[in-house]
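Student: Pasting a structure below so you can have a look.
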Amino acid sequence: VNATAVACANIALVKYWGKRDEALNLPARGSLSVTLDALETRTTVTFDAERPADVLVVDGIERAGAALARAARVLDLLRARAGVGAEGPRALVTSANTFPYGAGLASSASGMAALVTAGAAALGLDLDPAERSVLARRGSGSAARSIHGGFVEWRAGERPDGADSVGVPLHPAAHWELRVVVAVVAAAGEKAVPSTEGMRHTAATSPYQPAWLAAVDTDLVAARAALAARDLAALGAVAERSALRMHAAMLAADPALLYWRGATVEALHTVRALRARDGLAAWATIDAGPHVKVLTTPADAPAVAARLAAVPGVERVVASRIGGPARVEANAAAERPTEVTS
Ligand code: PMV
């Protein structure tokens with residue numbers, strides 16, 4: 001009754017910021033991402049009839065509150081799907097990340113994709129990727145994309161029940177050898193506003209939210225075409241403007257949602273200079289946090305990484321390849337004893 005799965009984080013090139021249904025995590029528009037193989041979550045789920053409640057351990061620390069509630073919600077959906085219902089066995093979920101948890105580096109996407117994939121396997125459920133994408137989406141919207149590898153579109157869907165709001169693989173990782181250089185920015189002070197709350201606040205108070213949403217479908221068309229043609233300048237331009245328009249909508253909320261630090265802006269200037277002055281391939285994107293992720297080529301990645309590492313306030317840089325799909329690890333659970341049991 002246990003299984004282990006691995007899933008990669010993803011970074012959206014056409015962003016998701018706005019829900020049409022908060023309970024089901026249905027997005028107002030589609031989005032499009034690349035999977036990052038350097039940012040990985042490995043999760044073991046062990047169901048146990050004797051266990052009184054679900055327990056979540058991430059990177060050796062037992063988690064409570066919102067993180068546990070979110071995992072339990074997904075486990076409930078899996079138990080219902082397996083027909084064991086509300087009285088079904090509770091789970092010990094043990095998760096380890098290759099990158100800092102909860103630091104705005106998409107740990108919820110890889111975490112939820114790994115949880116659904118491991119949990120389904122542990123319950124003996126044979127779910128196809130679309131079904132797992134729907135379940136992962138209920139834990140975290142962007143997790144719908146982390147079920148697949150390579151280049152992924154999350155279709156907004158039309159159905160009220162969300163059955164067609166799923167991640168769809170556009171191209172496998174092998175389609176295009178790109179790199180994403182992640183500049184991790186030190187975030188001093190207050191905790192970032194979580195994405196659900198940030199989206200609700202932007203939709204309720206930002207006069208720019210309708211304009212932001214109106215631009216997404218055009219960006220999706222442009223991004224799909226750039227991907228198919230392997231046109232990095234076109235794809236990079238879409239990615240950078242999608243991120244900056246999303247942040248413009250956040251900044252126009254009342255009060256403003258400001259996820260950037262000084263180093264975020266300096267990194268943006270560095271990326272623009274790398275392009276304009278040095279002729280390197282470099283396009284930036286930023287999620288609901290201070291970090292800057294830069295789309296580049298394998299040839300230019302070392303120079304891009306070195307320049308970003310020199311930006312004051314950038315703590316470290318990680319260069320990632322394009323990652324693969326979420327997968328069950330054969331027999332890994334047996335070799336990997338859980339570190340914390342309560
Ligand atoms: O998956 P969530 O609910 O944490 O939302 C992710 C939102 C962004 O990272 C800002 C954009 C995206 O498309 O991933």
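The values are calculated or read from the model by the stated rules, or taken from the named source; none is laboratory data. Everything numeric here is computed off the predicted structure, so don't read it as measured data. Cβ atoms come from the backbone with ideal geometry, glycine included; neighbour counts cover every protein chain shown. Accessible surface areas use protein heavy atoms only, side chains included; no ligands, DNA or RNA. Shrake-Rupley method; radii C 1.70, N 1.55, O 1.52, S 1.80 Å.
Student: If you build a Gaussian network model of the chain, linking Cα atoms that sit under 10 Å apart, which residue out of Ala28, Ala253, Ala228 swings the most?
Tutor: For the chain, modelled as a Gaussian network with Cα springs under 10 Å, the answer is Ala228.
Student: Of the candidates Ala163, Ala249, Ala120, which one comes out as most mobile in a Gaussian network treatment of the chain with C-alpha springs shorter than 10 Å?
Tutor: Among Ala163, Ala249, Ala120, the largest GNM mean-square fluctuation belongs to Ala163.
Student: Springs between alpha-carbon atoms under 10 Å, Gaussian network over the chain: tell me which of Ala299, Ala284, Ala122 tops the mean-square fluctuations.
Tutor: Maximum among the listed residues: Ala299.
Student: Of the heavy-atom accessible surface of the range 77-128 (probe 1.4 angstrom), what whole percent is carbon and sulfur?
Tutor: 52 percent
Student: Sticking with this one: Considering only DSSP beta bridges with both partners in the chain, what is the antiparallel share in %, to the nearest 5?
Tutor: Bridges in the chain are about 95 percent antiparallel.
Student: Sticking with this structure for a sec: From the phi angles alone, apply the Karplus equation (6.51, -1.76, 1.60; θ = phi - 60°) to the range 293-299 and give each ³J(HN,Hα) in whole Hz, x where the residue is Gly or Pro.
Tutor: Whole-Hz 3J(HN,Hα) from phi for the range 293-299: 10, 10, 7, 8, 9, x, 5.
Student: So what are the three principal axis dimensions of the chain from its Cα atoms, in whole Å, longest to shortest?
Tutor: Between the extreme Cα coordinates on each principal axis of the chain lie 63, 42, 41 Å.
Student: For the range 44-117, divide the Cα radius of gyration by the Kirkwood radius and give the resulting Rg/Rh value with two decimals.
Tutor: 0.96
Student: Which three extents, in angstrom, do the Cα atoms of the range 69-176 have along their principal axes, listed largest first?
Tutor: Cα spread of the range 69-176 along its principal axes, largest to smallest: 46, 35, 23 Å.
Student: Something else about it: Tell me the Kirkwood radius of the range 1-132: reciprocal of the mean inverse pair distance over distinct alpha-carbon atoms, in Å.
Tutor: Radius from the Kirkwood sum: 15.3 Å.
Student: Mind checking the per residue accessible area of the chain for me, 1.4 Å probe, whole number of Å²?
Tutor: 41 Å²
Student: Using a cut-off of 14 Å between beta-carbons, work out the net charge of the residues near Asp54 (Lys and Arg +1, Asp and Glu -1, Asp54 not included).
Tutor: +1
Student: Quick one: helix 209-228 against the long Cα principal axis of the chain, what's the angle to the nearest 10°, folded into 0 to 90?
Tutor: 90 degrees
Student: Sorted by accessible area (1.4 Å probe), largest first, how do Leu227, Leu123 line up?
Tutor: Leu123, Leu227
Student: Each residue of the range 139-147 in order: what ³J(HN,Hα) in whole Hz does its phi give by Karplus 6.51 cos²θ - 1.76 cosθ + 1.60, θ = phi - 60°, with x for Gly and Pro?
Tutor: Values per residue, Gly and Pro as x: x, 7, x, 5, 5, 4, 7, 7, 5 Hz.
Student: Same structure, new question: Tell me, in nm to one decimal, what length is gained between Ala233 and Asp21 on full extension, where the rule is 0.36 nm per residue of separation less the Cα-Cα distance?
Tutor: Answer, rounded to one decimal: 72.9 nm.
Student: Here is a follow-up. Quote the charge dipole size of the range 188-332 about the Cα centre in Debye, to the nearest 20; the model charges only the Cβ of Lys and Arg (+1) and of Asp and Glu (-1).
Tutor: Dipole about the Cα centre, nearest 20: 260 debye.
Student: When all alpha-carbon pairs of the range 154-265 are counted, what percent fall beyond 26 Å?
Tutor: Pairs farther apart than 26 Å: 34 percent.
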